[in-house]
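The values are calculated or read from the model by the stated rules, or taken from the named source; none is laboratory data. Just so it is clear, the structure is predicted and the values come from calculations on it, not from any experiment. Positions of Cβ are generated from backbone atoms using ideal geometry, with glycine treated the same way; all protein chains shown enter the neighbour counts.
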Amino acid sequence: MKPTTLPKKDLIILTNDPSITGWGYAVLDSKDNILASDCIKTAPLHKKRRTRKGDDTVRRVSEINHRLLRVIRHYKVSYILTELPHGSQNASAAVMIGIVTGIVQTLSDALEIGVEWYSEMDAKKCLLGKNSATKKETIDAIDKVYDVKWKGVKYKDEAVADALAVHYVACKQSNVLQLFKSIQ
């Protein structure tokens with residue numbers, strides 16, 4: 001594993017709540033202004049299209065990859081923050097955890113962009129002072145910290161709020177972000 005390095009240009013952060021079904025993300029500048037936020041939604045279509053489930057999963061991964069690459073290139077992202085998915089209820093969920101983890105790490109490695117991983121529990125604890133919270137509690141807390149232009153679509157707002165909770169914990173705990181912000 002290569003060591004995390006500081007970006008050579010303005011710090012533009014992509015923060016993520018990764019999921020193959022609804023991937024929440026936000027792009028922030030070094031002053032924590034939100035430049036963009038959204039949720040990449042993919043749905044299984046293998047039954048409708050009468051294709052193999054594995055082929056459909058690859059299609060969904062490709063959709064996520066292409067959207068994230070467009071965002072990274074458009075905003076010239078120089079650092080990635082992400083939730084590290086954990087636990088699974090079944091084998092299919094475990095596969096999806098591996099897939100989304102692989103997407104983030106591959107983007108980091110291939111594009112030579114540093115990445116930091118945070119647990120959902122760390123984000124909630126830092127943001128709310130407790131290990132778990134409802135989606136509404138998270139959105140309300142995020143709304144007090146960031147100037148978010150909410151979409152008004154429940155799943156999108158929840159995913160973006162979770163991605164911003166990752167950014168919040170990183171701002172409090174990341175030595176890399178603290179160092180970068182101190183030299184600007």
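A few remarks follow.
- Total residues in the range 98-124, condition free of Cβ contacts under 8 Å to residues at least 12 places away in the same chain and either of a type in the set (F, W, Y) or more than 24 Å from E63 (Cβ to Cβ) (or both): 1
- Selection from the range 1-50 of residues that are of a type in the set (V, I, T), modelled with pLDDT under 65 and touching a helix residue (DSSP H, G or I) at 6+ places or on another chain (Cβ under 6 Å): T4
- Test for V115: is it of a type in the set (V, I, T), crowded, with 20+ Cβ neighbours inside 10 Å, at pLDDT 95 or above and closer than 19 Å to I64 by Cα: no
- Restricting the range 128-184 to residues that are hydrophobic (A, V, I, L, M, F, W, C) and outside any helix (DSSP H, G or I), the residue that is nearest to N33 (Cα to Cα): V148
- Filter pass, V148 being under 17 Å from the mean Cα position of the chain (by Cα), surrounded by 13 or more Cβ atoms within 10 Å (Cβ to Cβ) and touching a residue at least 24 places away in the same chain (Cβ under 8 Å): yes
- Taking the criterion of being among the aliphatic types (A, V, I, L, M) and at pLDDT below 95, the residues of the range 138-179 that qualify are V176, L177, L179.
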